[in-house]
Amino acid sequence: MSTQSIAEIVRRLARKHFETEQGIERVAWFKNGGMEEIRLILVNRNTFPEGRILPFYQRPTREIPLPVQIGDITPEEWEKTQSGRIPLPDGWYWRDVEILEREKAWRESPDAVGAGNENSTCSTPSIEDLVLRLAREHFEIEPGIERIIWFKDGLQEEVRLLEVNRDTFPADQIMTFYHRPSWEFPLSLWLADATPAEWEKVKGGEIFLPEGWSLHDAQIIERAAASVASVFAPLPKPVVNKEKTDMSTQRIEEMVRRLAREHFEVEEDIERIIWFKDDERKKIRLLEVNRNSIPEDLILTIYLKPTRERPLPALMGDITPEEWEKVKMGIIPLPEGWSLDNAEILEREEVLQSSDSNLQPEMR
């Protein structure tokens, strides 16, 4: 991969962050990652101040074939970083840094809305704008998604999407996942995926849709159609509490229990959730034991961005009860840095019945 190709990937990645996060003022690209990884710092006025830089890791994808490390800091923390009061992550250096400013990146973007138009305004997006924006983001992240079906029967209270993904695992049923509203997507979101073959079965009535979902009022968003730039208006600025977040052990425990309750409530097949504690309190690591999961004999984690309610990133894995037994026996390895020695089990009944009791460590 050439230096020019990496620069194009970095600029595309920066534009994507600018489009989805209105609080990001600039992106600093630390080029000393070379051909091995991309290192970025997002200067974001809406992030929570930590007094240090905690980069999170993103695995390579077909679209971005290099690992990415991204730090997220406030403008005040950026000033302190430049003056040396906040150190850079180990191995990051100032000698070869490029600053990507929001305005320049937006003007250079082929998808920029109102680029070069000083009179362009930022209006509140419609539901269609929000859904199309989300569809475009998912198409960019997942090359295997061929089309997204929007079930409009839940239009006023929630958004229901089914992604037809040739890279997903066939289950011969439609399993939905709930995402709470955020400022980026201020509506409740139910998301499901299916293979192209399963989508044909859905249309033929061989696979049933979730209750309340109907093909009679569905809109198909094709991959090519979602790339139309004119429907993607910038989101308005959110109102964010800038008070420093106290990342105490108690607060992290409350966030973990709340997240576990949400998943137990929307997924009745989750039997227990294992919380792998992080001594540095940088992230939340959870493993869901789900009897409805697809067995793979390995643990694949997904990354959940921080939110105002959960200002820590979360890594989540999903395994069957049989795979959990193999994990405890050491047959299936845990992700790097995860250990059963520092794990607590959140049982479904205990979490749903009591939201205030302390977590009781128990290895079953």
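Within the range 96-116, being in a helix (DSSP H, G or I) and either at pLDDT below 80 or within 20 Å of Ile24 (Cα to Cα) (or both) holds for Arg102, Glu103, Lys104, Ala105, Trp106, Arg107, Glu108.
If you go through the range 255-278 and pick out every residue that is of a type in the set (A, V, I, L, M, F, W, C) and within 15 Å of Arg291 (Cα to Cα), you end up with 5.
Examine the range 59-77 for a residue that is assigned to a helix (DSSP H, G or I), within 17 Å of the chain's Cα centre (by Cα) and more than 24 Å from Arg95 (Cβ to Cβ), and state whether such a residue exists. So far as the range 59-77 goes, no, none of its residues is assigned to a helix (DSSP H, G or I), within 17 Å of the chain's Cα centre (by Cα) and more than 24 Å from Arg95 (Cβ to Cβ). (1) under 22 Å from Pro170 (Cα atoms); (2) modelled with pLDDT of 90 or more; (3) β-branched (Val, Ile, Thr): which one isn't true of Val327, the others all being true? All conditions are met except number (1).
Residue-wise test of (1) closer than 23 Å to Ile174 by Cβ; (2) in contact with a Gly (Cβ under 8 Å, 6 or more places away or on another chain); (3) assigned by TED's automatic domain parsing to the domain that holds Phe56; (4) at pLDDT below 90.
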{"residue": "Glu253", "(1), (2), (3), (4)": "no, no, no, yes"}
{"residue": "Arg258", "(1), (2), (3), (4)": "no, no, no, yes"}
{"residue": "Phe264", "(1), (2), (3), (4)": "yes, no, no, yes"}
{"residue": "Lys282", "(1), (2), (3), (4)": "no, no, no, yes"}
{"residue": "Val289", "(1), (2), (3), (4)": "yes, no, no, no"}
{"residue": "Ile294", "(1), (2), (3), (4)": "yes, no, no, yes"}
{"residue": "Thr307", "(1), (2), (3), (4)": "no, no, no, yes"}
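Within the range 322-345, does at least one residue satisfy the condition of being surrounded by 13 or more Cβ atoms within 10 Å (Cβ to Cβ), assigned to a strand (DSSP E or B) and among the charged types (D, E, K, R)? Looking through the range 322-345, at least one residue is surrounded by 13 or more Cβ atoms within 10 Å (Cβ to Cβ), assigned to a strand (DSSP E or B) and among the charged types (D, E, K, R). With the condition kept exactly as written, say whether any residue in the range 117-132 is buried (at least 18 other Cβ atoms within 10 Å of the Cβ) and either farther than 25 Å from Glu222 by Cα or modelled with pLDDT of 85 or more (or both). Yes, the range 117-132 has at least one match. Name the pairs whose Cβ atoms lie under 7 Å apart, with the first residue in the range 137-157 and closer than 18 Å to Ser188 by Cβ and not assigned by TED's automatic domain parsing to the domain that holds Thr61, the second modelled with pLDDT of 85 or more and part of a helix (DSSP H, G or I), and 6 or more positions between them or separate chains? Partner pairs satisfying both residue conditions: Ile148/Ala135; Ile148/His138; Trp150/Val131. For residues that are in contact with a helix residue (DSSP H, G or I) (Cβ under 6 Å, 6 or more places away or on another chain) and not aromatic (Phe, Trp, Tyr), scanning just the range 83-105, find the one that is nearest to Phe56 (Cα to Cα). Among those residues, the one meeting the criterion is Ile86. In the set Arg11, Arg26, only one residue is surrounded by 16 or more Cβ atoms within 10 Å (Cβ to Cβ), part of a strand (DSSP E or B), at pLDDT 85 or above and of a type outside the set (A, V, I, L, M); that residue is Arg26.
The values are calculated or read from the model by the stated rules, or taken from the named source; none is laboratory data. Everything quoted here is computed from the prediction, not taken from an experiment. Methodologically, a virtual Cβ is constructed for each residue, glycine included, from the backbone with ideal geometry; neighbour enumeration extends over all protein chains shown.
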